[in-house]
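*Asks:* Before I ask anything, let me first share the structure, which is written out below as structure tokens.
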Amino acid sequence: MAIEIAPSILSADFANLESEITSVAGADWVHIDVMDGHFVPNLTLGLPVLERLAEVSPLPVDAHLMIEDPDRWAPRYAEAGATSVTFHLEAAAEPVRIARDLRALGARSSVAIKPDTPVDQVLDVLVEFDMVLVMTVEPGFGGQSFMQHTMPKVTALREAATAAAHPLRIEVDGGVTRETAPIVAAAGADMLVAGSAIYGAADRAGEIDALRRIAQEAADHR
């Protein structure tokens, strides 16, 4: 699969989100982190804001729900306009049911795992998901350092998906830069979330292109 880049607005200027999203229109997705202050120790934005951003975004919305009770809330984010909805395995009571509900609403079903969550919990039901997000930092805050010890989980997911002939997207989120992009792509990831690396760059479009190119080269040689 071709590498896709999803800038995270967690690193954007929250007072100017429409223009901040437009400034990264050369990417493939816009990544919107929803945090409730309970599942993670941070509070960002919620359903009404995401719905409005989905209306004005030139990119499809990749919603990452770092919230409690995704069984209740995840489908509502699909209804609000998110093209892809990621919920956390650690917070879900019935992850397979959530995935099926999301697909029924026409959204991509995605599940996320924290750095210390065993990947085995996902492998048994892999075909229920269109994407798995492997967190490469502890969820909650941007600007953290990349955790390379999570890479065996990415590789295990890619091998399992290949064995099952399942067209799984594997996303990584946290510490993605020009230095770490080839590492995650070589491990098997094909969707990269980058916040500080893109929004902190003087040339955001150039940074998106560079990340995509560097990661694609690594993916093509794995």
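The values are calculated or read from the model by the stated rules, or taken from the named source; none is laboratory data. If you're wondering where the values come from, they're calculated on a predicted model, not measured in any experiment. With ideal geometry, Cβ positions are generated from the backbone for all residues, glycine too; neighbour counts draw on all protein chains shown.
*Asks:* When ALA54 is evaluated against the numbered criteria (1) among the small types (Gly, Ala, Ser); (2) buried (at least 21 other Cβ atoms within 10 Å of the Cβ); (3) in contact with a Gly (Cβ under 6 Å, 6 or more places away or on another chain); (4) free of Cβ contacts under 8 Å to residues at least 40 places away in the same chain, which criterion, by number, is the only one it fails?
*Replies:* The failed condition is (2).
*Asks:* Follow-up. Of the numbered conditions (1) under 14 Å from PRO139 (Cα atoms); (2) out of contact with any Leu (no Cβ under 7 Å at 6 or more places or on another chain); (3) surrounded by fewer than 19 Cβ atoms within 10 Å (Cβ to Cβ), THR117 fails exactly one; give the number of that condition.
*Replies:* The failed condition is (2).
*Asks:* Follow-up question, since we're still on this one. Counting only residues that are touching a Lys or Arg at 6+ places or on another chain (Cβ under 9 Å) and of a type in the set (Val, Ile, Thr), how many does the stretch 167-200 have?
*Replies:* Residues flagged as touching a Lys or Arg at 6+ places or on another chain (Cβ under 9 Å) and of a type in the set (Val, Ile, Thr) within the stretch 167-200 amount to 2.
*Asks:* Residues in the stretch 23-41: is at least one of a type in the set (D, E, K, R) and part of a helix (DSSP H, G or I)?
*Replies:* No; the residues of the stretch 23-41 include none that is of a type in the set (D, E, K, R) and part of a helix (DSSP H, G or I).
*Asks:* In the stretch 53-86, how many are more than 15 Å from the chain's Cα centre (by Cα) and among the β-branched types (Val, Ile, Thr)?
*Replies:* Final tally of qualifying residues: 1.
*Asks:* OK, next. Need pairs with beta-carbon distance below 9 Å; first residue within 16 Å of VAL154 (Cα to Cα) and within the stretch 210-221, second at pLDDT below 95; sequence gap 6+ or separate chains.
*Replies:* What qualifies is ALA219/MET1.
*Asks:* Being in contact (Cβ under 8 Å) with a residue 60 or more places away in the chain, among the polar types (S, T, N, Q) and assigned to a helix (DSSP H, G or I) is the filter here, so list the residues in the stretch 1-22 that pass it.
*Replies:* Selection gives SER11 alone.
*Asks:* Go through the stretch 144-164 and count every residue that is over 18 Å from the mean Cα position of the chain (by Cα), assigned to a loop (DSSP other than H, G, I, E, B) and surrounded by 13 or more Cβ atoms within 10 Å (Cβ to Cβ).
*Replies:* Selection size over the stretch 144-164: 0.
*Asks:* Applying the selection to the stretch 12-31, what residues are farther than 16 Å from ALA63 by Cβ and small (Gly, Ala, Ser)?
*Replies:* Of everything in the stretch 12-31, those that are farther than 16 Å from ALA63 by Cβ and small (Gly, Ala, Ser) turn out to be ALA15, SER19, SER23, ALA25, GLY26.
*Asks:* A further question follows. What number of residues within the stretch 22-43 satisfy the criterion of being at pLDDT below 95 and either more than 14 Å from GLU68 (Cα to Cα) or of a type in the set (S, T, N, Q) (or both)?
*Replies:* Residues in the stretch 22-43 being at pLDDT below 95 and either more than 14 Å from GLU68 (Cα to Cα) or of a type in the set (S, T, N, Q) (or both): 1 in total.
*Asks:* Quick check on my filter: what residues within the stretch 75-110 are part of a helix (DSSP H, G or I), out of contact with any helix residue (DSSP H, G or I) (no Cβ under 7 Å at 6 or more places or on another chain) and either at pLDDT below 95 or closer than 20 Å to VAL56 by Cα (or both)?
*Replies:* Listed by number, the list holds a single entry, GLU79.
*Asks:* Taking the criterion of being part of a helix (DSSP H, G or I), in contact with a helix residue (DSSP H, G or I) (Cβ under 7 Å, 6 or more places away or on another chain), among the acidic types (Asp, Glu) and more than 20 Å from LEU192 (Cβ to Cβ), would at least one residue in the stretch 117-133 satisfy it?
*Replies:* Among the residues of the stretch 117-133, at least one is part of a helix (DSSP H, G or I), in contact with a helix residue (DSSP H, G or I) (Cβ under 7 Å, 6 or more places away or on another chain), among the acidic types (Asp, Glu) and more than 20 Å from LEU192 (Cβ to Cβ), which makes the answer yes.
*Asks:* Of the residues ASP124, ASP101, only one is touching a strand residue (DSSP E or B) at 6+ places or on another chain (Cβ under 9 Å), within 20 Å of HIS166 (Cα to Cα) and surrounded by fewer than 23 Cβ atoms within 10 Å (Cβ to Cβ); which?
*Replies:* ASP101
*Asks:* Among ILE214, ILE113, ILE208, ILE183, which is the only one that is modelled with pLDDT of 95 or more and closer than 24 Å to TRP73 by Cα?
*Replies:* On inspection, the qualifying residue turns out to be ILE113.
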